[in-house]
Amino acid sequence: MTAVATPSGAARLGSPAEVVEGLAAVGYLADEHIGTVVYLAERLGKPILVEGPAGTGKTELAKSVAALLSARLVRLQCYEGLDEAKALYEWNYRKQLLRIQVERAEESGGEGARGWRELEQDIFSEEFLLERPLLEAIRATDPVVLLIDEVDRIELETEALLLEVLSDYQVSIPELGTVRARQIPMVVLTSNDTRELSEALKRRCLYLYLGYPSVERERAIVLAKVPGIEHRLADEVVRVVRSLREMELEKHPSVSETLDWARSLVLLGIERVDTSVTESTLHLLLKYRADIEKVSAELATRAPGTSGAGTSSPR
Ligand SMILES: Nc1ncnc2c1ncn2[C@@H]1O[C@H](COP(=O)(O)OP(=O)(O)OP(=O)(O)O)[C@@H](O)[C@H]1O
Ligand SMILES: [Mg+2]
């Protein structure tokens, strides 16, 4: 393990409570558990692996931590087939070819020929290097938060590449040598849990499971993110969403959908949520036809004017 300095220039986090407060100030409503994991990750210099269903604020957490630390967000969006060239670095082949062509033209124009070695040194230098997010984060001199988003989408072999970077905070480039981090960047990995990540990767990270927020926290999120919404409407919205999450559905509404629904209700000038409002706007909350039909059928059994859906009444 290479010794590297702790982050310099980034704002330090004083306590979990301070993290919760700081995140709220940048628009992210966290609970004590989130605050503790973020605090410890920053102080211990360890990556955070955030896992949970879609739309529960995993990516947003990384962005908000960057804002909290006044750090630049460097994002590696993962996808199937992501390779070293897109994650770490690659050589700018076009530019290298151009340089070789210019070199040849100069030679035939009578200028002194350079040996291959010299040319090789030239075209495998910094000028021809295309930095990708992992290398960018490692080499940064300013405070950065590295977001490795949706890491469960990459293959196991590519995960090994991440491991190397996250355990030693260094990257070896054969033509240039080893690049060591000047500071340990704050790293946030997110996963939708579509596949099991390797033990080795998990071991290096602090684990944070982000499920659906409590009614209180979701109401606070709605109030913070939907301008002009009344407290009462925000409360009704989150309670209906909560009751939908208690039903057996293909896909439960996430925080994203709660926010979309709340924003739409405000735009439509709706002040109270009742069964007919819920019924006519269900497509904003549910994205499967079977789910919409199931909830509509459930709502039809309710007296008009009742708010909510689902089989049990929410807290
Ligand atoms: N705690 C929170 N505070 C403020 N906003 C939140 C919070 N949680 C979620 N949101 C909002 O919910 C939306 C979805 O969040 P985000 O994109 O981070 O979800 P995700 O977990 O990364 O989803 P996916 O797995 O689909 O990428 C965003 O608009 C975000 O602002
Ligand atoms: Mg995301």
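The values are calculated or read from the model by the stated rules, or taken from the named source; none is laboratory data. Please read these numbers as outputs of a predicted model, since none were measured by experiment. Cβ atoms come from the backbone with ideal geometry, glycine included; neighbour counts cover every protein chain shown.
Residue by residue, here is whether (1) buried (at least 17 other Cβ atoms within 10 Å of the Cβ); (2) among the aliphatic types (A, V, I, L, M); (3) not in a helix (DSSP H, G or I) holds:
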residue: 207; (1), (2), (3): no, no, yes
residue: 224; (1), (2), (3): no, yes, no
residue: 227; (1), (2), (3): no, no, yes
residue: 239; (1), (2), (3): yes, no, no
residue: 251; (1), (2), (3): no, no, yes
residue: 257; (1), (2), (3): yes, no, no
residue: 260; (1), (2), (3): yes, no, no
residue: 287; (1), (2), (3): no, no, yes
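Restricting to region 250-272, and then to whatever is more than 32 Å from the chain's Cα centre (by Cα) and touching a residue at least 40 places away in the same chain (Cβ under 8 Å), can you tell me which residue is nearest to residue 238 (Cα to Cα)?
For region 250-272, the residue satisfying everything is 272.
List every residue pair whose Cβ atoms sit under 7 Å apart, with the two residues 6 or more apart in sequence or on different chains, where the first one lies in region 176-190 and is within 30 Å of residue 120 (Cα to Cα) and the second, anywhere, is of a type in the set (A, V, I, L, M).
Short answer, once both residue conditions are applied: 179/135; 179/138; 179/171; 179/173; 180/4; 181/4; 181/138; 182/5.
Sort out which residues of region 85-103 are among the hydrophobic types (A, V, I, L, M, F, W, C) and either part of a helix (DSSP H, G or I) or loosely packed, with under 15 Cβ neighbours inside 10 Å (or both), and write them in order of number.
Correct list: 85, 87, 97, 98, 100, 102.
Of the residues 151, 145, only one is among the hydrophobic types (A, V, I, L, M, F, W, C), under 28 Å from residue 80 (Cα atoms), in contact with a Ser or Thr (Cβ under 7 Å, 6 or more places away or on another chain) and within 16 Å of ligand 2 (Cβ to nearest atom); which? Quick ask: steps written out before the conclusion?
Working: 145 fails: in contact with a Ser or Thr (Cβ under 7 Å, 6 or more places away or on another chain).
Of the residues listed, the single one that is among the hydrophobic types (A, V, I, L, M, F, W, C), under 28 Å from residue 80 (Cα atoms), in contact with a Ser or Thr (Cβ under 7 Å, 6 or more places away or on another chain) and within 16 Å of ligand 2 (Cβ to nearest atom) is 151.
Residue 238 is checked against (1) within 16 Å of ligand 1 (Cβ to nearest atom); (2) closer than 26 Å to residue 140 by Cα; (3) more than 22 Å from the chain's Cα centre (by Cα) and fails just one. What number does that condition carry?
In the conditions (1) within 16 Å of ligand 1 (Cβ to nearest atom); (2) closer than 26 Å to residue 140 by Cα; (3) more than 22 Å from the chain's Cα centre (by Cα), residue 238 misses (2) alone.
Test residue 46 against the stated conditions and say whether it is basic (Lys, Arg) and within 26 Å of residue 155 (Cβ to Cβ). Can you show your working first?
On the way: basic (Lys, Arg): yes; within 26 Å of residue 155 (Cβ to Cβ): yes.
Against the criterion (basic (Lys, Arg) and within 26 Å of residue 155 (Cβ to Cβ)), residue 46 qualifies.
For the list (1) within 13 Å of ligand 1 (Cβ to nearest atom); (2) modelled with pLDDT under 95, I need the number of the one condition that residue 43 fails.
(1)
Got a sec? Which helices (runs of 4 or more DSSP H) wholly within region 105-190 have at least 1 residues that are of a type in the set (Phe, Trp, Tyr)?
Ranges flagged: 116-123.
Scan region 50-73 for residues that are part of a strand (DSSP E or B) and within 13 Å of ligand 1 (Cβ to nearest atom) and report the count.
Of the residues in that region, 3 qualify.
Against the condition surrounded by 16 or more Cβ atoms within 10 Å (Cβ to Cβ) and either within 16 Å of ligand 2 (Cβ to nearest atom) or in contact (Cβ under 8 Å) with a residue 24 or more places away in the chain (or both), how does residue 173 come out, does it pass? Can you show your working first?
On the way: surrounded by 16 or more Cβ atoms within 10 Å (Cβ to Cβ): no; either within 16 Å of ligand 2 (Cβ to nearest atom) or in contact (Cβ under 8 Å) with a residue 24 or more places away in the chain (or both): yes.
So residue 173 fails the test.
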